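Notes follow the structure.
The values are calculated or read from the model by the stated rules, or taken from the named source; none is laboratory data. Note that this is a predicted model, so its numbers are computed, not measured. Reconstructed Cβ throughout: ideal geometry from the backbone, glycine too, with neighbour counts over all protein chains shown. Calculation scope for accessible area: heavy atoms of the full protein, side chains included, ligands and nucleic acids excluded. Shrake-Rupley method; radii C 1.70, N 1.55, O 1.52, S 1.80 Å.
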Amino acid sequence: MNIISLKNVNKYYKTGNESFHALKDITLDIRESEFAVILGKSGSGKSTLLNIIGGLDSYDTGEVILDGFNYKNADDKIMSEFRCKKIGFVFQSYNLIPVLNVYENITFPVNISRENIDTDYISNIIEELGLKGKEKSFPNQLSGGQQQRVAIARALANKPKIILADEPTGNLDSAIGKDVLKLLTNGVKEYGHTLVMITHNPDIAEYADRVITIEDGKII
Ligand code: ADP
Ligand code: MG
């Protein structure tokens, strides 16, 4: 079954009188529990595509359907509820909240969606990601690798069906990058997540079920 479905999606960035065609007629289906990699050079449109899949950015024409939910007529409130419940995001820049400690950062999406915290599940994630004992630390007391692992834990906290990761290993040295990759792909095996990961690293693409290559806003 397709959990992510895009049909003829076009996206233009408008700045003043200029219009830039960032995504050109993207049609794409991703199956449930698939690990898909989006590969492409810097500026090719990878982040734009991922943000549209995640409902974080608008598109001009076409259709985006996630888990049977069509983005077309959803207002901001419905969109953000949908995102909280269904999607875990991992950004290259971690985007942790500096005034919250590790545990509070991880459980933030659960609290936002007013769900009960599954403490056993959260402890499990914390353990698996090697963050035990760091629960009360603040982001600025952690290394880059640790911060990225907190961001991954946060993405998993709400048991989302879909994980979207934008160059999650980009800022990490290669050993830690491999760990991060392993943790994300383990989630696919263990919890049946669908994982869509952006990278410009062809080595990472080898681990994927499927590689989507994007060039100048087009899938090739
Ligand atoms: P990638 O993630 O592959 O590096 P992006 O999706 O970030 O590429 O960007 C694709 C293209 O769209 C780039 O040429 C970039 O300059 C342009 N772009 C991205 N965001 C904006 C924006 N907010 N306004 C105008 N142009 C943008
Ligand atoms: Mg990008």
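List the strands (runs of 3 or more DSSP E) that sit entirely inside the range 1-81 and contain at least 1 residues that are open to solvent by 60 Å² or more (accessible area, probe 1.4 Å) and within 16 Å of ligand 2 (Cβ to nearest atom).
Numbers: elements: 2-15, 18-31, 35-39, 61-66.
Per the criteria, 2-15, 18-31.
Report yes if some residue within the range 135-152 is within 21 Å of VAL99 (Cα to Cα), among the acidic types (Asp, Glu) and either away from ligand 2 (no atom under 16 Å from the Cβ) or open to solvent by 20 Å² or more (accessible area, probe 1.4 Å) (or both); otherwise report no. Can you show your working first?
Kept after step one, since they are within 21 Å of VAL99 (Cα to Cα), are these residues of the range 135-152: 135-152.
Add one more test, that the residue is among the acidic types (Asp, Glu), and what stays is 135.
Now narrow it down to the ones that are either away from ligand 2 (no atom under 16 Å from the Cβ) or open to solvent by 20 Å² or more (accessible area, probe 1.4 Å) (or both): 135.
Yes; the residues of the range 135-152 include at least one that is within 21 Å of VAL99 (Cα to Cα), among the acidic types (Asp, Glu) and either away from ligand 2 (no atom under 16 Å from the Cβ) or open to solvent by 20 Å² or more (accessible area, probe 1.4 Å) (or both).
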message: With the requirement that a residue be touching a residue at least 60 places away in the same chain (Cβ under 8 Å) and exposed (fewer than 15 other Cβ atoms within 10 Å of the Cβ), what does the range 171-206 give you?
response: GLY192, PRO202
- line: Those residues of the range 116-134 that are in contact (Cβ under 8 Å) with a residue 40 or more places away in the chain and either in a helix (DSSP H, G or I) or among the basic types (Lys, Arg) (or both) come to a total of 1
- prompt: Looking only at the range 93-128, which residues are at pLDDT below 90 and among the β-branched types (Val, Ile, Thr)?
  reply: VAL110, ILE112, ILE117, ILE125
task: May I ask you to list the residues in the range 93-136 that are closer than 24 Å to LEU181 by Cα and of a type in the set (A, V, I, L, M, F, W, C)?
output: LEU96, ILE97, VAL102, ILE106, PHE108, VAL110, ILE122, ILE125, ILE126, LEU129, LEU131
